[in-house]
1. Considering only residues of region 151-170 that are under 19 Å from the mean Cα position of the chain (by Cα) and part of a loop (DSSP other than H, G, I, E, B), which is farthest from Y231 (Cα to Cα)?
2. Testing R27 on (1) of a type outside the set (A, V, I, L, M, F, W, C); (2) over 20 Å from I219 (Cα atoms); (3) crowded, with 17+ Cβ neighbours inside 10 Å, one condition comes back false. Which one is that?
3. With respect to E330, is the statement that it is in contact with a strand residue (DSSP E or B) (Cβ under 7 Å, 6 or more places away or on another chain), within 30 Å of I89 (Cβ to Cβ), touching a residue at least 60 places away in the same chain (Cβ under 8 Å) and of a type in the set (D, E) true?
4. Tell me yes or no: at least one residue of region 127-138 is among the β-branched types (V, I, T) and farther than 21 Å from L185 by Cβ.
5. Specify the residue that is surrounded by the fewest Cβ atoms within 10 Å (Cβ to Cβ); the eligible residues are those in region 276-310 that are modelled with pLDDT of 95 or more and of a type in the set (V, I, T).
6. Mind telling me which of the residues G63, G77, G101 ends up being on the phi < 0 side of the Ramachandran plot, touching a strand residue (DSSP E or B) at 6+ places or on another chain (Cβ under 6 Å), in contact (Cβ under 8 Å) with a residue 12 or more places away in the chain and of a type outside the set (A, V, I, L, M, F, W, C)?
7. Restricting to region 14-48, what's the tally of residues that are in contact (Cβ under 8 Å) with a residue 12 or more places away in the chain and over 22 Å from T130 (Cα atoms)?
8. Regarding region 105-126, can at least one residue be identified that is crowded, with 17+ Cβ neighbours inside 10 Å and of a type in the set (K, R)?
Amino acid sequence: MLRLPAFKFVTPKSLREAATALSDYQRTALLVAGGTDVYPKLKRRQFQPLCLISVRRLRELEGLQGSAASGFMIGAGVTLAQVAEHPEIRAHYAGLSAAAGVVSTPVLRNMGTLGGNLCLDTRCNYYDQTHEWRQSIGWCKKAPGDGLTSEKVPCRVAPGSPKCLAVSSTDTAPMLIALGAEVTLVNSKGERRIPVDALYRNDGMNYLTKQPDEILTHIHLPPSDGVRSAYLKLRRRGAFDFPVLGAAVALRFDGAVVRQARVALGGVASYPIHVEAAAQALVGKPLSEETIEAAAQAAFGPARPMDNTEYPLFYRKKMVPVYVKRALLEAAAGPS
């Protein structure tokens with residue numbers, strides 16, 4: 001049986017107290033909310049913090065406020081189930097409701113939070129194993145083992161790669177990028193607000209631009225303004241698995257013409273990819289068979305899956321235009 005390692009468990013009573021604790025412990029602390037991904041990784045010794053700081057019951061991270069007309073401010077501690085089931089989110093931000101609603105299982109969606117899903121650790125077949133298994137192969141760049149550094153061990157997926165190629169597996173991030181959402185980050189010195197797109201970098205190890213002492217506190221959805229959105233997910237088991245491909249689209253129409261479009265992909269790189277070329281293929285044109293095909297092919301190029309998760313990489317690559325087409329058709333057919 002895998003057991004949790006020893007750590008100090010801190011339960012701050014306010015966001016300010018949590019930010020101070022995180023600053024005090026520097027890089028030896030880890031935040032936890034629902035814990036649906038953190039605790040299993042602690043058991044596999046993928047994370048080995050000296051201190052675990054629980055933000056689960058912080059009132060500042062709760063609440064889903066706003067409307068489709070004004071936009072929403074969603075606390076990072078709001079559960080995925082709450083997002084998926086919220087009537088106005090479901091009606092006016094259908095893609096976000098869908099993305100939150102296909103994360104893992106109903107039980108875990110009742111525990112896991114939107115902020116936690118945005119900060120989800122990257123995944124890899126060589127990384128998401130027990131401590132003993134990883135030790136037996138000589139470790140990997142993302143988890144180099146005791147006394148080693150990432151420079152001393154290779155990426156097991158691509159031994160010549162100078163960086164880790166673990167995959168971003170968050171479902172909600174591609175959809176929030178497509179919707180043009182923003183997040184607020186807070187530390188003991190202040191706060192800043194950035195687009196969700198700017199929260200990520202193309203690096204399997206250092207995949208977040210969030211600083212170690214920052215806490216993601218809120219997600220900001222812009223006014224719906226007639227947006228039509230959709231999210232589709234490819235995975236082996238339809239009732240449980242992480243995405244090996246996620247296709248998120250958001251469209252606004254002026255009559256029959258696409259006025260604004262955003263397309264994002266998940267599960268095919270170390271970060272969610274905002275595919276601007278796909279949007280350019282759509283804007284200013286009717287959503288015809290030709291424009292849909294052009295957008296799908298534009299998304300095909302930037303998707304570069306590696307052989308480190310479910311399904312062969314060539315199949316995942318081939319499915320990118322298929323899922324983008326399906327998502328565009330689903331979004332176009334949705335309510336305005």
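The values are calculated or read from the model by the stated rules, or taken from the named source; none is laboratory data. None of the values given here were measured: they were computed from a predicted structure. So basically every Cβ, Gly included, is an ideal-geometry build from the backbone, and we count neighbours across all protein chains shown.
1. To start, the set of residues in region 151-170 that are under 19 Å from the mean Cα position of the chain (by Cα) comprises 164-170.
When the remaining residues are screened for being part of a loop (DSSP other than H, G, I, E, B), the result is 164-166, 168-170.
Numbers: C164: 27, L165: 24, A166: 22, S168: 16, S169: 14, T170: 12 Å.
It comes out as C164.
2. Failing condition for R27: (3).
3. The answer is yes for E330.
4. Yes - at least one qualifying residue is present in region 127-138.
5. V283
6. Of G63, G77, G101, the one residue that is on the phi < 0 side of the Ramachandran plot, touching a strand residue (DSSP E or B) at 6+ places or on another chain (Cβ under 6 Å), in contact (Cβ under 8 Å) with a residue 12 or more places away in the chain and of a type outside the set (A, V, I, L, M, F, W, C) is G77.
7. Matching residues across region 14-48 total 13.
8. yes
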